[in-house]
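Visitor: Here it is, the structure in full.
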Amino acid sequence: MKKLIFTFQFIAICLSNINASNKQNPDSLQKPVLVYQLDILQEIEPSAWRQTQKAFEFAKKSKADIILIHMNTYGGLVDVADSIRTKIINSPVPVYVFIDNNAASAGALISIACNKIFMRKGANIGAATVVTSDGKAAPDKYQAYMRATMRSTAESHGKITVIENGDTIIKWFRDPRIAEAMVDESIYIQGIIDTGKVITFTTNEAIKYGYCEGEAETINEALKLAGINNYKIEKYEPTITEKIIDFLINPVIHGLLIMLIIGGIYFELQTPGIGFPFAAALFGAVLYFAPLYLEGLAENWEILIFVAGVILLLIEIFAIPGFGVTGILGIICIIVGLALSMVDNIVFSFEGQGIPAFFKSLSIVVISATASFFLSIYLSKKLFTTTRFGELSLQTVQNVSDGYVSVEMQPSQMIGKQGIAATILHPSGKVEIDNEIYDAIALTGYIDKNENIEVVKYETGQLYVRKK
């Protein structure tokens, strides 16, 4: 009997110890909180929006409990930031942000949308004034849109009503007036900001005025401040394809690809047949348009404008004598197609970014195309005067020993004469008449080498011919 009582006492002591241990370490019996981490450590641009969409999608599939944004940015495109903040506000999964130094401008808008904000010592949040591509403040109608966006984002976190000294006071989780004052320098908030300045909070100031839940030096510290001790972090990593796309949509790379496209077209028009220059231009066009199309920036109609421009330019060169309206329209279509493809169509419905963004892309296209044109002229002179490349184009030196002669020609002597095309005429080239070589221009169409021709016109020392 005593042995049985002792056994029951031993079991009771063990159970009590286990229960006490569980009370001291409740996390040990709980499933770790799954935290899905997204890094925004660059300018807020289309790649950041694409990565945000994918990260939220993966977080949903992984059944993440929290999405944590690791942020350090000076800002970027407002339309992209607006898309990201809308995604955050509508997310069924709570979104936290750890500001690692900077959350300026568009970064401030994204941060305010998050459920909790944690900031590193020495970090900043604010300065959300809308600026144009040259860094100047945009007109007030654009600022008004941003003010409303910042205000509504702060309001989305809700408010409470409290009674203090018999007065009913509404307290916002994040004060909308402060969010608005991060945009508008004319707003005055007593004890916080004077007119003539926009709000930019330090970490301590953000904590004081409800725009930060705590100071943390690392993501792990931020999670502990949020009361999460038992957690597992999964991090979103861009794929190689995404990294390649991010590289190709860089404005500098855009400029180089435009130079390749324009240079390829120029050299193709200077050489017989279809060869390497055409392949280079086509390759450049694919590398230019494909990433923009995948990013959702280039639309089908914008690419068609570019293609139509190339076709119009070819028609002008090969089918119509001289250079007129068709050629000019072709050049305009090529430039506009390239420029529009860099700009999101949605931007044009948002008054604050459309025109500046378009002119920025247009300047890149015009500068790159101009540089490519003059570089192509320079290279053509260097390359086509050498023995190796000379056969690709018309010779610049016409020696008598090669059959070239200078003849005083009269219209009555040349009109109606027949011969053959000594080179391709598109539309300029060389023709052979009575065993002599002359400069000539195809009056209509494209004349291939060795085709029969007839002189139909002679003006200012220039023969005009057509196929016989």
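Visitor: Between N450 and T86, what length comes free when the chain is fully extended (0.36 nm per residue of separation minus the Cα-Cα distance, one decimal in nm)?
Guide: 124.4 nm
Visitor: Can you sort V35, V183, V366 by how many other beta carbons sit within 10 Å, fewest first?
Guide: Ascending Cβ contact count within 10 Å gives the list V366, V35, V183.
Visitor: Okay, moving on. With labels modelled as points extended 7 Å from the Cα through the Cβ direction, what inter-label distance (nm, one decimal) is found for I170 paired with K60?
Guide: Computed distance between label sites I170 and K60 equals 3.3 nm.
Visitor: A further question on this structure: Which whole-number percent gives the relative contact order of the range 84-239, counting Cα pairs below 8 Å spaced six or more residues apart?
Guide: Taking the mean separation of contacting Cα pairs over the length of the range 84-239, I get 22 percent.
Visitor: Moving on to the next point. Using a Förster radius of 41 Å, what is the FRET efficiency between W301 and N229 based on their Cβ-Cβ separation? Nearest 0.05, please.
Guide: For R0 = 41 Å, the calculated efficiency reads 0.15.
Visitor: Ranked highest first by average number of other Cβ atoms within 10 Å, how do 84-95, 135-146 line up?
Guide: 84-95, 135-146
Visitor: Within straight cross-link reach of K457, meaning Cα distance under 27 Å, which lysines are found once same-chain residues fewer than 8 apart are removed?
Guide: K417, K430, K449, K467, K468
Visitor: I want to check the label-to-label distance for S363 and E436. Put each point 7 Å from Cα in the C-beta direction and report it in nm to one decimal.
Guide: It works out to 5.6 nm between the two label points.
Visitor: Of the cross-linked pairs K87/K235; K208/K243; K197/K243; K136/K243; K61/K360; K171/K197, which ones have a Cα-Cα span greater than 28 Å in the structure shown?
Guide: Too far apart for the 28 Å limit: K208/K243; K197/K243; K136/K243; K61/K360.
Visitor: Nearest 0.05, what FRET efficiency do L256 and Q413 give at R0 = 56 Å with Cβ-Cβ as r?
Guide: FRET efficiency, L256 to Q413: 0.60.
Visitor: How far is it, in nm, from the label point at Y209 to the one at T239 when both lie 7 Å from their Cα along the line to the Cβ?
Guide: 4.3
Visitor: Can I ask one more? Is the range 110-257 rounded, prolate or oblate when judged by the Cα gyration tensor, a ≥ b ≥ c being the square roots of its eigenvalues, rounded requiring a/c under 1.5 and prolate requiring a/b larger than b/c?
Guide: Since a/c reaches 1.5 but b/c is at least a/b, the shape of the range 110-257 is classed as oblate.
Coordinate-derived values only; no laboratory data. A quick note: this is a predicted structure, and the numbers were derived from the prediction, not measured. Reconstructed Cβ throughout: ideal geometry from the backbone, glycine too, with neighbour counts over all protein chains shown.
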